[in-house]
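Below is one structure; the comments refer to it alone.
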Amino acid sequence: FSNLIFYFFDLNLLDTLRITNLISIILWATLLRPIFLNENLDIKIIPFIIFYAWYPQFIYLHAGASTEPWAIIFLFLALENFFKYKFDRIFLTIVFLSIGSCFKSQISLFIPIFVFFYLLEEKKFSKKISLIFLSSLTIFNTSYYSYIRENIYQRWQPIKIKNYGFEHLDQNFFDLVFLRLFEIKGLLLVFLLCFIILIKNFHNNKKISLYLIFLTIFIFSILFFNTVPQFIQHTFFTRYYIYLYIIILSFIFLETYKNSKIINILLIIFTMVVYSNDFYKFFNFNKDSPYKLNFSQFDTDPIYLGLNQILEISEKDLKSYKIENIYISRSTKIIYRIPKYFYKDYNILATAPKEINCTCEKEDVAIINFYPELRNSLLKYETNMPTSPDGYEELYGKNLQNSKNRCLEQMNNSCSVLHLLKEDDKSVIAALGIK
């Protein structure tokens, strides 16, 4: 689908991925559910759409170019198929999970649990063997991919038995946990309400409720008790824990009250009210100062550096000096190569990783240095917490102010033109120099 958009429209590949991710929830509700589950778009699905599409961090996820959105869509289909048909169409549930695991391998963690549930049922032995075979194909594919990732491409693979334990569960770790939970308090409140509803209605569907609770505990354990440092730093990070929330919330929104219009309306109102504060903060920012979103609850990285803003205030001199090549100091992992289609008037280039260029040396080249101001969530991190957000302590050294002052002094001495981008408090967050 992304390739079709890429082929027929004048868009780049990343933008096509963002577009298909953004409309995936629409395609799920209007196309995939009617085709595979015989469920039309009506009021009973609206509470779930509000829960998912109204939450700012999920919007943030769907507006990006990651593969999670489509993995989540197929997880939706798998869970609703299971809720509606129980084990009568368990093969379709596994197929949905298998397709989802092609987008994000974490989805395959659901497969052995559903197979285990099916083996407990009084079903034909031949069907159990067939389901085990079907599931093994997906698990083998995921395992083989993990093997290639680790042994050929030398990329870490965290989900191993040796990486699990309890030694990381100390006071510093739980300080991080409480910080993360505070950041997602709106989602957490909705989750707790749904969990209470599940327990309250436990007697109505004991078996399915037990299965969902067991599945939730299993996924939680996979995420929470991993001792790999890079895994710990993402504890309760919404992008990775989203699968945990979906299990119970989807059951409440899609199954428990699917035929009660009054309760559906109440759930819609409750969810919108709870999310409204986060929703307002997410959209209430000035487009001329997006860098104020840095280190927010959506991402601990300084991904909004102010490149557009520093180019705008320097535009007159850039044209006057006929500057075409602009080098950005690549001092953090956050600064990658800037795609050429972003800026047609300039060649935005990057230095080598961790190379800081504070001297104007060539007359036809401009240099830019960024100094993201620590704000939002990052100000709450303590040095003894078991986490190191990407970019933290890599932004021009551990002492940001001293290294920034030294670099600005070098730029001031070597550049005939120097433009500064400043925060409201007059602190410099970007500098562009021309010889």
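Just to be sure I understand the filter: pairs with C-beta atoms under 9 Å, separated by 6 or more residues or on different chains, first member in the stretch 309-320 and within 13 Å of LYS422 (Cβ to Cβ), second member surrounded by 15 or more Cβ atoms within 10 Å (Cβ to Cβ) and among the small types (Gly, Ala, Ser). Which pairs pass?
Between residues of the stretch 309-320 that are within 13 Å of LYS422 (Cβ to Cβ) and residues that are surrounded by 15 or more Cβ atoms within 10 Å (Cβ to Cβ) and among the small types (Gly, Ala, Ser), the close pairs are GLN309/SER289; GLN309/ALA430; ILE310/ALA430; ILE310/ALA431.
Residues in the stretch 254-278 that are part of a helix (DSSP H, G or I) and modelled with pLDDT under 75: how many?
Going through the stretch 254-278 one residue at a time, the tally reaches 3.
For (1) touching a helix residue (DSSP H, G or I) at 6+ places or on another chain (Cβ under 7 Å); (2) surrounded by 15 or more Cβ atoms within 10 Å (Cβ to Cβ); (3) assigned to a helix (DSSP H, G or I), each residue gets a yes or a no:
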| site | (1), (2), (3) |
| --- | --- |
| ASP15 | no, yes, yes |
| THR20 | yes, yes, yes |
| LEU32 | yes, yes, yes |
| PHE36 | yes, yes, yes |
| GLY64 | yes, yes, no |
| PHE76 | yes, yes, yes |
| PHE83 | yes, yes, yes |
| VAL95 | no, yes, yes |
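Can you find, within the stretch 200-236, the residue that is farthest from GLY165 (Cα to Cα) among those that are touching a Ser or Thr at 6+ places or on another chain (Cβ under 7 Å) and not in a helix (DSSP H, G or I)?
Ranking the qualifying residues of the stretch 200-236, first place goes to ASN201.
Rundown of residues vs (1) at pLDDT below 80; (2) surrounded by 17 or more Cβ atoms within 10 Å (Cβ to Cβ), yes/no style:
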| position | (1), (2) |
| --- | --- |
| ILE161 | no, no |
| THR216 | no, yes |
| LEU223 | no, yes |
| PHE231 | yes, yes |
| HIS234 | yes, yes |
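Can PHE237 be described as over 22 Å from LEU61 (Cβ atoms) and in contact with a helix residue (DSSP H, G or I) (Cβ under 8 Å, 6 or more places away or on another chain)?
So PHE237 fails the test.
The values are calculated or read from the model by the stated rules, or taken from the named source; none is laboratory data. Because the structure is predicted, anything quoted here is derived from the model rather than measured. Neighbour counts are summed over all protein chains in view; Cβ atoms, including those assigned to glycine, are modelled from backbone coordinates with ideal geometry.
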